[in-house]
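First the structure, in the form of structure tokens, and then the observations on it.
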Amino acid sequence: MFFQSFYTFTVLAALLVTCHALCRCPDNSGLLKILGIAGKDNLKEQQQLSVLPCSLDNKMHNVFGNVEHRLSRLEGVLALNGKIKEVGEKLFASNGKEVNFASALESCEKAGGTLATPKNEEENEAVLGFVKQYNRYAYLGIKESENIGQFKSINDTTLNYTNWRRQEPNGKGTEKCVEMYTDGTWNDKKCSLNRLTICEF
Ligand code: MAN
Ligand code: CA
């Protein structure tokens, strides 16, 4: 056991020493750049940080580069078909189904996301795209808090952006969910109706 650990340790140490001594990958492509640890501008720092031998570093670069390329092709196809809409880091998608608020949220969460919660005009427009595509009002990931009249996002954060239709919200505690109309404005509404499911990831 001791010898095995010692052996592993020695091999790792040798690899690291060799790497630090010899490994100055010319384009310093590699793993660190892909992982976003270092950029082109701090090449020197990146070289010092490199812990992989050049060959492996470059191989990883190629593997990740290829994955990145193939993913971006798929995203392109999905966007072309109106299946996804990307805004900054966010991605919006709909399954086209109309269900109550709890079910809509559940299906978004099962898919690894949450209900669409527009945080600015551009995101609101992206969500509106799906509302128009299906010509159906949609539930947003927003609910009225214990404080009547105060609406918060699902993860309980205060809203910095809203797009209420005039005279909304008007439910005064009786309409705890929020729907988006086909013009992109918002209305507080009961949670038990069937509305289009739009998720964000
Ligand atoms: C209905 C509901 C309300 C909404 C009003 C607007 O009563 O959809 O949520 O505020 O219409 O007139
Ligand atoms: Ca209302």
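See the values below:
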item	result
Residue, surrounded by the fewest Cβ atoms within 10 Å (Cβ to Cβ), within the range 83-97, restricted to residues that are under 10 Å from the mean Cα position of the chain (by Cα) and not in a strand (DSSP E or B)	Glu89
Check on Ser29, out of contact with any Lys or Arg (no Cβ under 9 Å at 6 or more places or on another chain), of a type in the set (Ser, Thr, Tyr) and modelled with pLDDT under 90	yes
Candidates Arg165, Arg136, filtered to the one that is away from ligand 2 (no atom under 16 Å from the Cβ) and more than 26 Å from Leu74 (Cα to Cα)	Arg136
Residue within the range 170-187 that is over 24 Å from Leu91 (Cβ atoms), in contact with a helix residue (DSSP H, G or I) (Cβ under 8 Å, 6 or more places away or on another chain) and more than 10 Å from ligand 2 (Cβ to nearest atom) present	no
Qualifying position, being away from ligand 1 (no atom under 13 Å from the Cβ) and of a type outside the set (S, T, N, Q), among Glu168, Glu179, Glu200	Glu200
Entirely in the range 126-201, the strands (runs of 3 or more DSSP E) that have 1 or more residues that are open to solvent by less than 10 Å² (accessible area, probe 1.4 Å) and more than 25 Å from Gly82 (Cβ to Cβ)	151-153, 177-180, 186-189
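The values are calculated or read from the model by the stated rules, or taken from the named source; none is laboratory data. Nothing here was measured: the structure is a model prediction, and the numbers come from that model. With ideal geometry, Cβ positions are generated from the backbone for all residues, glycine too; neighbour counts draw on all protein chains shown. With ligands, DNA and RNA removed, areas are computed over all heavy atoms of the protein, side chains included. Shrake-Rupley method; radii C 1.70, N 1.55, O 1.52, S 1.80 Å.
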